[in-house]
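Step one of this worksheet: look at the structure below.
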Amino acid sequence: MSAAYPVGTTVRMGPGYLPRIVAWGLVALGAASMLRGVLAGGWRLEAIALRPVAAVALAVVGFALTVDRLGLFIASVIAVLVAAAGEARPRWREAVVTALGLAAFCSALFGWVLGLAIPVWPR
Amino acid sequence: MNDVVASLGLGLAVAATASNLWYCFLGALIGTLIGVLPGIGPIATMAMLLPLTYYLPPTAALIMLAGIYYGAQYGGSTTAILMRLPGESSSVVTCLDGYAMAQRGRAGAALATAALASFFAGTVSTLLIAFASPPLTAMAQRFGPAEYFALMTLGLIAAVVFTQGPPLRAVAMIFLGLLFGFVGADVETGRDRFTFGLPELRDGIGVVVVSMGLFGIAEVMLNLAGGAAQRGERAKLSRLWLTRADLAAAWPATLRGTAIGALLGVLPGGGAMLGSFASYAVEKRISATPHRFGEGAIEGVAGPEAANNAGAQASFIPMLALGIPSNSVMAMMVGAMMIHGIAPSPNLAIARPELFWGLIASMWIGNLMLLVINLPLVGVWVRLLDVPYRVLFPAILLFCCIGIYTVNSSATEIVLVAAFGVLGLVFTRLDCPLAPFVLAFILGPLMEENLRRAMLLSRGDPTVFLTRPISLALLVCCAAAVALLLLPSFRRVRATAGAG
């Protein structure tokens, strides 16, 4: 089942031969797993709800894209709102309150109290 | 012997300064907090707080981070007993008999047992660290690259043997982890490998990035996707006192649990969880009345609770004495040391005795504090669970993002965290264990370096691993571990431990 990830394609000659050995080992293991899977009569995966996964990933990426230019406060609001979309039944009013509250709290804690090297406002 | 006592005295003096006491308390408090809350583990918390430790002296930083780890073991058992909700993976077993005791109106007794057993185990394993580290350190002084390579190989093999799940997948995860560990500029030639032209990847992928993605973000996704764990009805608190019969039953179980936990904790890839499962299995097997297990047997609480705490602390031994992190929590500790420019090595006890012994002594003080934090304040902790997850999870995400950003001010790393989050989710759904991956990821670069150096020193003669006695002994251990895996009886035990 580890054949699910692209084994082997990442093989690239690097200095030293260890990466190559390891990659080929992975190819062999992937093949072995696949063979076992086929012999065992295939396999099924339970479906996974994509919505929360996508929302959480997007929230983190969104934070990454905005924090440099727009600052911590706005990036936090965006991240929390996007993440909230991942709930089965988002409660938007509550999400907005949470977003503003968390953004204010984090800005205060990390920006001012601890004085971390993180921009709080747009620049 | 006298040396150890004197050193412990030094450690106590360091740990008992006002500021270190405060950080110890803070760590234990935060640990309890996140131990009580499901959906956030000690690794993610340590990763989130790691950047903040820039501003602390190194000793205080390590004391606090260690406190989070063992504090989480205490906190996790509280919710396991009161609501059948394991706050941490290591307290899954405590749910079985702890919650059963609580339903019979003996919640107080179960909590007291868990706390006292943990405290006892914590005390013993603190002493174990103190006494086991110097000889190990002395031995490690004679280690050459060949020995290090053999030792790390043993670590990886042990990770396969002692984690749950199919061995084939664990091996595959190790190879994949090694591959990820190779990312970055090559140590000797400085050439980029697997960086896809991204300058951010030249230094390799950060341990914090990987663990926060795999353990923090992926967990949030899983929780949101799968719905919260089924929680039992909250049991009423009762008197905390134990009866004489309770003590008589719990005492030997605690002793056995401590021994099992400490033994399994020292092994590379070990830690808190394995010990608790093993201890429960042992208690059930040797009990004269195995049918009571699952219905509120006090041994079923005392043994595993002692084991998980002993395991948590014993896993510090390889890190402190040999400079090798044996699991992802220890990798965090190493990360914290490196932030302060301290390279983990067998020389730590000699070069920085105040840090080494201060950390060890703080563990005992921390355990004492936890006893106080936990027992009288148990009601406060349980109230925490009323915080709904939909408020909690954005906060966790946000702290993760900010934590990563403050390390290098790099937005790319935050994107990487998201990617590892998705990866972690996929692995978990495919039943591929994450622990071997992280361990291989951490050890990979070290192994490569030592392998190359060993080859260089021996002029490419691979028999060097077999002709050096320590290296040979370690490789024999590797072979023994593999043989263990092939034994049918061991496979059965392993499978039942996995099934819980």
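A protection proxy built from the mean count of other Cβ atoms within 10 Å ranks the segments B:301-309, B:136-144, most packed first, as B:301-309, B:136-144. Angle of helix B:272-286 to the longest C-alpha principal axis of chain B, folded into 0 to 90 degrees and rounded to 10: 50°.
Determine the shielding of peptide B:407-416 by partner chains: average, over its residues, the number of Cβ atoms on other chains within 10 angstrom of each Cβ. Let's see the in-between values first.
Details: counts 0, 1, 6, 2, 9, 1, 1, 9, 6, 2.
Mean shielding count: 4.
Measuring only protein heavy atoms, the 1.4 Å probe finds A:Val97 accessible over about 100 Å².
Between B:Ala306, B:Ile317, B:Ala15, the Cα set farthest toward the positive side of the dipole of segment B:2-499 (charges on each charged residue's Cβ, about the Cα centre) is that of B:Ala306. For chain B, the longest principal axis of the C-alpha atoms and the axis of helix B:18-36 are separated by about 70°. Rounded to the nearest 10 degrees, the inclination of helix B:58-83 to the longest alpha-carbon principal axis of chain B is 40 degrees. Note on chain B: helix-only mean residue ellipticity at 222 nm, from DSSP H runs of 4+ residues weighted -39500 (n - 2.57) and normalised by residue number, equals -22500 deg cm²/dmol.
Across peptide A:72-81, the mean count of Cβ atoms from other chains lying within 10 Å of each residue's own Cβ comes to 3. Leaving ligands and nucleic acids aside, the A/B contact buries around 4800 square angstrom of accessible area in total at a 1.4 Å probe radius. Hey, how much of the P(r) for segment B:2-499 falls beyond 32 Å, as a percent of Cα pairs? Of the Cα pairs, 39 percent sit more than 32 Å apart. Using the Cα coordinates of segment B:253-312, the gyration tensor eigenvalues translate into equivalent-ellipsoid semi-axes of 21, 9, 9 Å, sorted from longest to shortest.
What FRET efficiency would be calculated for the residue pair B:Arg104, B:Ala479, taking the C-beta separation as r and a Förster radius of 60 Å, to the nearest 0.05? Don't skip to the end; give the middle numbers.
Working: r = 48 Å, r/R0 = 0.81.
Once the sixth-power term is evaluated, E becomes 0.80.
Surface composition of segment B:2-499: carbon and sulfur make up 68 percent of the accessible area, probe 1.4 Å.
Take each residue in B:426-432, count the other chain C-beta atoms within 10 Å of its C-beta, and the mean is 4.
The values are calculated or read from the model by the stated rules, or taken from the named source; none is laboratory data. Note that the coordinates shown come from a computational prediction; the quantities given were computed from them, not determined experimentally. Methodologically, a virtual Cβ is constructed for each residue, glycine included, from the backbone with ideal geometry; neighbour enumeration extends over all protein chains shown. Note: accessible area is taken over every heavy atom of the protein model, side chains too, but ligands, DNA and RNA are not part of it. Shrake-Rupley method; radii C 1.70, N 1.55, O 1.52, S 1.80 Å.
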